[in-house]
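Enquirer: Pasting a structure below so you can have a look.
The values are calculated or read from the model by the stated rules, or taken from the named source; none is laboratory data. No experiment lies behind these values; they were computed from the predicted model shown. Quick reminder, even Gly has a Cβ in these numbers, built from the backbone with ideal geometry, and neighbours come from all protein chains shown. Each accessible area value is taken on the protein alone, full model and side chains, heavy atoms only, with ligands, DNA and RNA left out. Shrake-Rupley method; radii C 1.70, N 1.55, O 1.52, S 1.80 Å.
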Amino acid sequence: MGKYILKRLGYMVIVFGVVSLLMYSLYNLIPTDPARAQLEPMKSTLKPAEYEQMYQELRSQMGLDAPLLVRYARWMGIVKDVDGTYSGLLQGEFGYSSFFKKDVVQVIVEPMKNTIFINIFSTILALAITIPLGIYCAVHKKSKFDSAVQVVTILGYSIPTYIIALIFIFFFCVVWQIFPIMGTKTAGMVYENGWQEFTDKLYHIALPVIVMTFGSLGGMTRYVRAAMIDSLGMDYIRTARAKGVKERIVIYSHAWRNALLPVITSIIGWFLSIFSGSVVIENTFSLNGMGKLYWQGLNNFDFELVLAIQMFYTVVSLIGMLIMDLSYGLVDPRVRVDK
Amino acid sequence: MKKKVLALVLSAAMAMSLAACGNSAATTPETTPATEAASTEAATEEVATETATEEVAETPVEGGSLIYGSSTELSGDWGREMWTNNAADKLVRELMDDYGTVVSNQGGEYVVNPTIVKEMDSVVNEDGTKTFTITINEGLVYNNGEAITAKDYVVQTLFGCTQTAQDWGATYASSYLSVVGGQEYKDGTAAAVSGLRLIDDYTFSVQILADKIPYYYDITYAAATPMNLNYWFGEGIDVADDGEGCYFVGDINTDEVKANVEAALWATSDRVTAGPYNLEEFDKSSLQATLVRNPNYAGNFEGQKPYIEKLIIVKAETETWNDAMKTGAMEFYDTIADGSEINAALDLVDTGDFDYVQFDRAGYGKLQFQCDFGPTQFESVRHAVAYLLDRNEFANQFCQGWGSTVDGPYGTGLWQYKEAEEWLADNLNTYAYSVDSAVEALEADGWTLDAEGNEWAGEGLRYKEVTEEEAGTYEGNVTLADGRILMPLSINWASSEGNPVSDLLSVMLAESEEVKSVGMEIIKSEMTFSELLNYMYRDASQGEQYGVPTYGMYNLATGFVPAYDYAYNWTSDPELVAQGYNVNYLFSEELDNLSMDMVYGVESGDTEGYMEIWKEYIKQWNEELPEVPLYSNIYISLIPKKLHGYTQDSFWDFQSAILYAWVEE
């Protein structure tokens, strides 16, 4: 097992290296001049010679005149940066956001906290609803309730999240005025303590969480239902029932355990997705999260920020895949890696 | 065992989520009081009438709050202008930082700020330099009560004369380019900035380089705002003048000072500022800023102090701003430009809970030509394009009734336009929509042939016989057996992707029957905006293909600032052109001379002389037509009924106008 994990970790380093080089090269292929973009608004206030002087200084400061591979090596921290120090990914320096004008790590902290905060609730809530619902529908296959759930889930699955969000906003915020419409804080409120801040935040994220949950009900419910139906049709289930095993044990111990293998891929995938934000939800509800930040980074050609986010997701995905593979063994001894 | 652990984790997850659901409902605080939508139209009209009556006799009241919705997100970067800010950050910064010696007034004119300046003298020295000597009023203080002296007013200029400022990302710190001795201090060859002097506690002077003078807007060189030394640079840093000019006492290029400057840039509270409002809180998580009145504020250039106690700046989203206004989550939505959004806003006004202010955009959307190759090098073709587009209809459709057209490089919000409105109406060609005029312009210039060199028969593309120099390497040129070179009336148009202006232009111009009927062809190519800029600047460093003149027409937009300075925009100096000046590639001596004379040939204060040249410049531009102005938006800001005394204009934005407004619940 240890050897297997070490081998996988080695692969992960290689994959990370290749992905980072590819991503860096791709972004640098985009024909844009960051120095020109930064100075452009000032151009009309400068005389040409002044503009040229400032432009050249800025290019040299940004290290734009070096070849691509040198810039990549600087970004990775393999060679010295223009200021003569090693300051790249390997040194824990994730770059500098040209749009936000501060280190990428500082830019990411708050959106990441918000995204994780929202996604944890949404993921847990969705799993708490979909797994029992999927199991119930599978057990009561073709009942009226099952048919109704199939209709509702296919609707939730088919309607785009932004439509769901706008419908929910209209009813919950405008008509019934139960939830606030946007943000994560009541305007102008000065918190007296942390608990007040937490509850206010919880109140504000309630509707986005409901929308995200509603949007994700369809897929998982149907997935669990299908896996359970397959499992319940197996011979060992018939045998267990023939032996007089209690129905609850047949469902939760025999059938659910065997249905878990295909479902676990999605479940772990969901937990890993707590780091990634939703552009649609965050923009609609004016939430300061990772999806919105990523979108902003792309729109503003803030490539060091975008690259840092992508590299982070690359690492999360690689670790996630390792966990997924290991968890298969945990659930099903037949695929356990012992060597 | 492991399976049980996994099952336990899943069960715990379910339980937690249920608990969380219950919790969120139980701890819900009260929402901001929401405005109730009017239930019937009759009720709406009644409310509207009542409000109109109430507006007759009003006296300002202090206090209250206003929730301002910004279409740009706050980032918390309140650094001075030398660091630059996005629109929302700039708004907050300008609410916190005032006390400029020179400010722009309601009409966008630069004026000396009497609240700050006790006396300002200027003298042109024998060596051609110009010195502004400024005495500030005594008794001015920062928001923390600390006195403001002349030293505070030289800090920013002095910092702008250091390499450190550039190294720390203050890209726009450029005072070293205009102040005598600034470049030397920056290069380290001088110990002080000789042109920046501290005369006494309340007097300082700044000497401007000779090559900057005369300049119509030279008063802007006397513009300075106070910068608190301790707050920005920390203990141990001072500014002194031993008779040779100002210099920093202590090394500012250290990690400690850098850390202090960065902390000052991003500080979310306890900022030392001198403006109408103090930053009470910036919530990094929700990106929401709360500002409260600064009791130590002496007033703006008219002595005006704010009435509203608290301003809250939140992010407005395109999808939900309307609902946010209805529910009270947002009370003020600034500068709505889109026609459909304006109409939605007016529906809210009809409910009686809101009002609006309307103002013209200081800029316009345009078709920009490159005038040194292909068909667009000929004035006649540029004229023909203008005649073939019904600009009034275009503006009407694109802005949905909330737009207008202009006939030259100006916005209707400019003071220059207001002064010369009648003259412009009498002297400019409006290029009113007319296919006949387009044909007339083309035929008069020789666009009368077909691809074989025969008389154009009314079908296909028109051609014109051109010289070898005019032909260049333009694709589609035809060389006949007799050696004549014919150029097709085919224009390559570069458009940014996902641009609604381009979509409408395609329908109303490029693909229109009128364009085809006159023998013209406009070929649209969509690309990213950065790629469009590469083509426009002919920036071969980004790829060889960009260095080749390819597109003769671009659709872009432009905005005007109070200093109307277009010098160098028509230069023919190849080096300057390569740097991106003169992106129209129109090498017009007349335009070049007029644009230079307008600002560099007129002494400051000579408004009459300036206006004469301005009008000539506009007329010349209108004749040569390097661009076709398409539409100039009419903006509206949606404001709550409780807000009174609020006015807004192109150069009189929220942060200026809100000082005069008050709320009455």
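Enquirer: Could you work out [θ]222 nm for chain B from helices alone, using -39500 (n - 2.57) per DSSP H run of at least four and dividing by all its residues? Round to the nearest 500 deg cm²/dmol.
Expert: Result for chain B, helices only: -9000 deg cm²/dmol.
Enquirer: Now, a different point. Rounded to the nearest 100 Å², what's the accessible area chains A and B bury against each other, both chains counted, probe 1.4 Å?
Expert: Roughly 6400 Å² of accessible surface disappears when A and B pair.
Enquirer: Let me ask another. Shape of the stretch B:102-258 from its Cα gyration tensor (a ≥ b ≥ c, root eigenvalues): rounded if a/c is under 1.5, otherwise prolate when a/b > b/c, or oblate?
Expert: Here the stretch B:102-258 falls in the oblate category.
Enquirer: Just the Cα atoms of the stretch B:256-351: what Rg and Dmax do they give in Å?
Expert: Answer for the stretch B:256-351, Rg first and Dmax second: 17.4, 57 Å.
Enquirer: So how strong a dipole does the stretch A:107-331 carry about its Cα centre when Lys and Arg Cβ are +1 and Asp and Glu Cβ are -1, to the nearest 20 debye?
Expert: Using only the charged Cβ atoms, the result is roughly 1160 debye.
Enquirer: Quick one: grab Rg to one decimal and Dmax as a whole number for the stretch A:181-257, Cα atoms only, in Å.
Expert: Rg then Dmax for the stretch A:181-257, in Å: 22.3, 66.
Enquirer: Placing +1 on the Cβ of each Lys and Arg and -1 on the Cβ of each Asp and Glu in the stretch B:102-258, which of B:157, B:217, B:189 has its Cα farthest towards the positive end of the resulting dipole?
Expert: Of the options given, the answer is B:217.
Enquirer: Going from the alpha-carbon gyration tensor of the stretch A:239-335, what semi-axes, largest first and in whole Å, does one get by taking the root of 5 times each eigenvalue?
Expert: That gives 42, 17, 6 Å for the three semi-axes.
Enquirer: First obtain the Kirkwood hydrodynamic radius of the stretch A:2-104 from its Cα pairs, then insert it into the Stokes-Einstein equation at 25 °C and 0.890 mPa s, and state the resulting D in µm² per second as a whole number.
Expert: My calculation gives 155 µm²/s for D.
Enquirer: Could you pull the Rg and Dmax for the stretch B:150-239, using just the Cα atoms, both in Å?
Expert: Spelled out, the Cα radius of gyration and Dmax of the stretch B:150-239 are 12.8, 40 Å.
Enquirer: Along the charge dipole of the stretch A:2-104, Cβ charges K/R +1 and D/E -1, which of A:20, A:79, A:60 sits furthest on the positive end?
Expert: In the stretch A:2-104, that residue is A:20.
Enquirer: Taking each pair of distinct Cα atoms in chain A once, what is the resulting Kirkwood hydrodynamic radius in Å?
Expert: In chain A this quantity evaluates to 23.8 Å.
Enquirer: Still on this structure, please answer the following. Give me the percent relative contact order of the stretch B:381-472, please, defined on Cα pairs under 8 angstrom at least 6 residues apart.
Expert: 28
Enquirer: So if R0 is 45 Å, what FRET efficiency would residue A:4 and residue B:499 give, r being the distance between their Cβ atoms, rounded to the nearest 0.05?
Expert: 0.25
Enquirer: Okay, next question. Based only on Cα atoms, what mean projected area does the convex hull of the protein assembly as shown have, in nm²?
Expert: Result: a mean projected hull area of 50.4 nm².
Enquirer: Additional query: Quick one: grab the alpha carbon gyration tensor of the stretch A:46-85, order the square roots of its eigenvalues as a ≥ b ≥ c, and give me rounded if a/c is under 1.5, else prolate or oblate depending on whether a/b is larger than b/c.
Expert: The shape class here is prolate.
Enquirer: In the structure shown, do any of A:102/B:90; A:102/B:315; A:185/B:326; B:90/B:130 have a Cα-Cα gap over 24 Å, and if so which?
Expert: Table pairs above 24 Å Cα-Cα are B:90/B:130.
Enquirer: Towards the positive end of the charge dipole of the stretch B:611-665, with charges on Cβ (+1 Lys, Arg; -1 Asp, Glu), say which of B:657, B:639, B:621 has the farthest Cα.
Expert: The Cα lying farthest towards the positive end belongs to B:639.
Enquirer: Spin-label point model (7 Å from Cα, Cβ direction): what's the residue A:238 to residue B:544 distance in nm?
Expert: Each label point is offset 7 Å from its Cα along the Cβ direction, giving 7.3 nm.
Enquirer: Give the calculated FRET efficiency between residue B:480 and residue B:210 to the nearest 0.05, with a Förster radius of 45 Å applied to their Cβ-Cβ distance.
Expert: The calculated FRET efficiency here is 0.20.
Enquirer: On to the next question. Principal axes first, then extents: for the Cα atoms of the stretch A:27-172, list largest minus smallest coordinate on each axis, whole Å, largest first.
Expert: Taking max minus min along each principal axis of the Cα atoms, the stretch A:27-172 gives 78, 38, 27 Å.
Enquirer: Could you tell me which helices of chain A pass both thresholds, a Cα extent of 30 Å or more along their own axis and a mean Kyte-Doolittle hydropathy of at least 1.0, with helices taken as whole DSSP H runs?
Expert: Correct list, ordered by number: A:2-29, A:104-139, A:303-331.
Enquirer: Which whole number gives the average count of other chain Cβ atoms within 10 Å of the Cβ atoms across peptide A:100-108?
Expert: Per residue, the average neighbour count from other chains is 3.
Enquirer: Tell me whether the stretch B:524-600 comes out rounded, prolate or oblate; compute the Cα gyration tensor, take square roots of the eigenvalues as a ≥ b ≥ c, and use a/c under 1.5 as the rounded threshold.
Expert: It comes out prolate by the Cα gyration axes.
Enquirer: Same structure again: Ranked from the most accessible area to the least, with a 1.4 Å probe and all protein chains present, what is the order of B:402, B:570?
Expert: B:402, B:570
Enquirer: Mind ordering B:338-347, B:487-496 by average Cβ neighbours within 10 Å, highest first?
Expert: The peptides rank, most packed first, as B:487-496, B:338-347.
Enquirer: List the aspartates and glutamates whose alpha-carbon lies under 18 Å from that of residue B:464, not counting same-chain residues fewer than 8 positions away?
Expert: In chain and number order, the partners are B:372, B:379, B:440, B:443, B:445, B:450, B:452, B:455, B:475, B:482, B:521.
Enquirer: Taking chain A as a Gaussian network, where each spring joins two C-alpha atoms under 10 Å apart, which residue of A:175, A:263, A:139 fluctuates the most?
Expert: The residue with the greatest mean-square fluctuation here is A:175.
Enquirer: Given charges of +1 on the Cβ of Lys and Arg and -1 on the Cβ of Asp and Glu, with all other atoms neutral, how large is the dipole of the stretch A:2-104 about its Cα centre, in debye to the nearest 20?
Expert: Approximately 540 debye in magnitude.
Enquirer: Here's something else I'd like to know. What are the extents of the Cα atoms of chain B along their three principal axes, in Å, largest first?
Expert: 84, 76, 75
Enquirer: If you don't mind, there's one more thing I want to ask. Convex hull over the alpha-carbon atoms of the stretch B:454-606: what's its volume per residue in Å³?
Expert: 167
Enquirer: In nm, to one decimal, how far is the residue B:418 label point from the residue A:82 one, both placed 7 Å along Cα→Cβ?
Expert: 4.4
Enquirer: When only DSSP loop residues count, what trypsin sites (Lys or Arg not before Pro) in the stretch A:269-336 have their Cβ near at most 15 other Cβ atoms within 10 Å?
Expert: Answer in residue order: A:336.
Enquirer: Here is a follow-up. How many Cβ atoms of partner chains, on average, are near each residue of B:286-295 if near means within 10 Å of its Cβ?
Expert: 4
Enquirer: Please sort A:204-210, A:281-287 by packing, taking for each peptide the average over its residues of neighbouring beta carbons within 10 angstrom, highest first.
Expert: Ranking, from highest mean packing down: A:281-287, A:204-210.
Enquirer: Give me a comma-separated list of calculated 3J(HN,Hα) values for the stretch B:252-267, in order, Karplus coefficients 6.51, -1.76, 1.60 applied at θ = phi - 60°, integers in Hz, x for any Gly or Pro.
Expert: Once rounded to whole Hz, the list reads 8, 8, 10, 5, 5, 5, 4, 4, 5, 5, 5, 5, 5, 4, 9, 4.
Enquirer: While we're on this one: Calculate the dipole size of the protein assembly as shown relative to its Cα centre from +1 charges on Lys and Arg beta carbons and -1 charges on Asp and Glu beta carbons; express the result in debye to the nearest 20.
Expert: 8800
Enquirer: Tell me the mean residue ellipticity at 222 nm calculated for chain A from its helices only (DSSP H runs of n ≥ 4, each -39500 (n - 2.57), averaged over every residue, nearest 500).
Expert: -22500 deg cm²/dmol
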